[in-house]
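Undergrad: First the structure, then my questions, so here it is.
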Amino acid sequence: MIKILVLLIFSLGVFAGVIEPLKQIKIDGNAKDIILIDDTLFIASDAGKVLTYDIDKDKMTKEISIPTIKDFMGDVIPAKIFSVDFLDGRYLFLSDSGQGGYSNLWIHEDNKTKQIITPAYKGAIIKARFIDKNHALLGFLGDEAVLYDLVHKKNIYRVQLDPSKFSDFALNDDKTKAAYGCESGAISVIDVKSGKVIKKLKGINKDNVYKVAFKKDTVAGAGQDRRGSFYDLSSGKGDFFEGSFLIYATALSPSAKRAAFAMDENNDITVYDISSKSKIAVLKGQKSTLNSIIFQDEDTIFSASDDDTVMMWKLK
């Protein structure tokens, strides 16, 4: 019995250990969104900049700046960039316009930045992601999904998914489906080409789903109700990990076998094995509210919070 207890304690120490960040990447401004493509990190900053960071070379390789705006007091301030994406040499990013809560959408390519959507479009757009080089999926504050033609500057469809406020969406790996989270706690999974709702995932989160992740056939949600949810898309069935604080961010590993959630008021990230519901590790070091977590592979994680540091972690 004593041997079994010792082995159990040893196992918990190995597989649910506390891990400090391997690398801390300082940026200009506070990070609002990050994406990872191969060995390159793309960072949206509230200082009006999109930053490109080469992980292998450990340095910033590109910086894109947009014009300043005026706030409601008439003061000149940087335009907060709160969503970024990259595909085939083309950047896509959203920024605050300073006008009525509407957003500006930008394309940057061949060292030229072009504005695609202006306040005249009257869109409170929260998130934008490429579907292909000429089309973007948008998430609106009113929980509307829009497939947008970047060439002809028009909506292909605009679909109301839920009467609640939109929080976040995530695409699956081949960008054929998207999971939209909202204030009601439900997650709407849509067919990207048509905008049709394929499935409503609900019953786990009872309040706002701040962030969603989508890998393979698994969807995860970071909940205001302190539940880190995960659903099997085929069956619609789900379960959750109980947090001790509002859960602001989540991510799934490429295999969808592991999930990460911001589980407590210290901004620690807990990594779990989904099938066994066992805790793998606790990542400590974030100093502000988390807004993004990304798995590069099964053991490498990047995270960003509302400060000037993006962190890199290794589980082993």
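The values are calculated or read from the model by the stated rules, or taken from the named source; none is laboratory data. What you see is a predicted model, and the numbers here were worked out from it, not measured in a lab. No Cβ is skipped: glycine too gets one built from the backbone with ideal geometry, and neighbour counts run over all protein chains shown.
Undergrad: Out of the residues in the range 262-308 that are farther than 30 Å from Ala47 by Cα and small (Gly, Ala, Ser), state the one that is surrounded by the most Cβ atoms within 10 Å (Cβ to Cβ). Show your work before the answer.
TA: So the first thing to find is which residues in the range 262-308 are farther than 30 Å from Ala47 by Cα, and the list is 271-282, 298-299.
Add one more test, that the residue is small (Gly, Ala, Ser), and what stays is 275-276, 278, 281.
Details: Ser275: 8, Ser276: 9, Ser278: 12, Ala281: 23.
Looking at residues that are farther than 30 Å from Ala47 by Cα and small (Gly, Ala, Ser), I get Ala281.
Undergrad: Among the strands (runs of 3 or more DSSP E) lying completely within the range 226-316, list those that include at least 1 residues that are farther than 14 Å from Pro21 by Cβ and modelled with pLDDT of 95 or more. Show your work before the answer.
TA: On the way: elements: 227-232, 238-242, 250-252, 258-262, 269-273, 278-283, 290-295, 300-305, 309-314.
Answer list for the range 226-316: 227-232, 238-242, 250-252, 258-262, 269-273, 278-283, 290-295.
Undergrad: Look through the range 155-189, keep the residues that are part of a strand (DSSP E or B) and of a type in the set (Val, Ile, Thr), and return whichever of them is surrounded by the fewest Cβ atoms within 10 Å (Cβ to Cβ).
TA: Among residues in the range 155-189 that are part of a strand (DSSP E or B) and of a type in the set (Val, Ile, Thr), the one surrounded by the fewest Cβ atoms within 10 Å (Cβ to Cβ) is Ile156.
Undergrad: Is there a residue in the range 172-189 that is of a type in the set (Asp, Glu) and closer than 18 Å to Ser83 by Cα? Walk me through how you get there before you give the answer.
TA: Filtering the range 172-189 for residues of a type in the set (Asp, Glu) gives 173-174, 183.
From what is left, the residues that are closer than 18 Å to Ser83 by Cα are none.
No; the residues of the range 172-189 include none that is of a type in the set (Asp, Glu) and closer than 18 Å to Ser83 by Cα.
Undergrad: Still on this structure: Out of curiosity, is Gly236 surrounded by fewer than 22 Cβ atoms within 10 Å (Cβ to Cβ), of a type outside the set (Ser, Thr, Tyr), at positive phi and in contact with a strand residue (DSSP E or B) (Cβ under 8 Å, 6 or more places away or on another chain)?
TA: Values: surrounded by fewer than 22 Cβ atoms within 10 Å (Cβ to Cβ): yes; of a type outside the set (Ser, Thr, Tyr): yes; at positive phi: yes; in contact with a strand residue (DSSP E or B) (Cβ under 8 Å, 6 or more places away or on another chain): yes.
So Gly236 passes the test.
Undergrad: Yes or no: the range 123-142 includes at least one residue that is farther than 24 Å from Gln296 by Cβ, touching a Lys or Arg at 6+ places or on another chain (Cβ under 6 Å), surrounded by fewer than 23 Cβ atoms within 10 Å (Cβ to Cβ) and not aliphatic (A, V, I, L, M).
TA: No, because not a single residue in the range 123-142 is farther than 24 Å from Gln296 by Cβ, touching a Lys or Arg at 6+ places or on another chain (Cβ under 6 Å), surrounded by fewer than 23 Cβ atoms within 10 Å (Cβ to Cβ) and not aliphatic (A, V, I, L, M).
Undergrad: Here's a follow-up. So which residues in the range 28-46 are in a loop (DSSP other than H, G, I, E, B) and surrounded by fewer than 18 Cβ atoms within 10 Å (Cβ to Cβ)?
TA: Step one: filter the range 28-46 for residues in a loop (DSSP other than H, G, I, E, B), giving 28-30, 38-39, 46.
Asp28, Asp38, Asp39, listed by residue number.
Undergrad: Within the set of pairs 6 or more residues apart or between chains, which connect a residue that is under 18 Å from Gly89 (Cα atoms) and assigned to a strand (DSSP E or B) inside the range 130-148 to a residue that is of a type in the set (Phe, Trp, Tyr) and modelled with pLDDT of 95 or more with Cβ atoms less than 6 Å apart?
TA: Ala136/Phe130; Ala136/Tyr148
Undergrad: Out of the range 216-228, which residues are closer than 15 Å to Val189 by Cα and not β-branched (Val, Ile, Thr)? Before the answer, list the steps.
TA: Restricting attention to the range 216-228, the residues satisfying the condition of being closer than 15 Å to Val189 by Cα are 216-221.
Once the filter is applied, which keeps residues that are closer than 15 Å to Val189 by Cα and not β-branched (Val, Ile, Thr), the range 216-228 yields Lys216, Asp217, Ala220, Gly221.
Undergrad: Looking at the range 91-126 only, could you name the residues that are among the acidic types (Asp, Glu) and within 18 Å of Asp71 (Cα to Cα)?
TA: Of the residues in the range 91-126, the ones among the acidic types (Asp, Glu) are 96, 109-110.
Residue satisfying the conditions is Asp96 alone.
Undergrad: Which condition breaks for Lys199 when tested against (1) outside any loop (DSSP other than H, G, I, E, B); (2) charged (D, E, K, R); (3) surrounded by fewer than 17 Cβ atoms within 10 Å (Cβ to Cβ)?
TA: If we test Lys199 against (1) outside any loop (DSSP other than H, G, I, E, B); (2) charged (D, E, K, R); (3) surrounded by fewer than 17 Cβ atoms within 10 Å (Cβ to Cβ), just (3) comes out false.
For (1) in contact with a strand residue (DSSP E or B) (Cβ under 6 Å, 6 or more places away or on another chain); (2) part of a strand (DSSP E or B), each residue gets a yes or a no:
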residue: Asp56; (1), (2): no, no
residue: Pro67; (1), (2): no, no
residue: Ala79; (1), (2): yes, no
residue: Ser83; (1), (2): yes, yes
residue: Phe86; (1), (2): yes, yes
residue: Leu94; (1), (2): yes, yes
residue: Gln99; (1), (2): no, no
residue: Leu105; (1), (2): yes, yes
residue: His108; (1), (2): yes, yes
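Undergrad: Can you tell me which condition Gly98 does not meet? The list is (1) surrounded by 16 or more Cβ atoms within 10 Å (Cβ to Cβ); (2) modelled with pLDDT of 95 or more, and all the others hold.
TA: (2)
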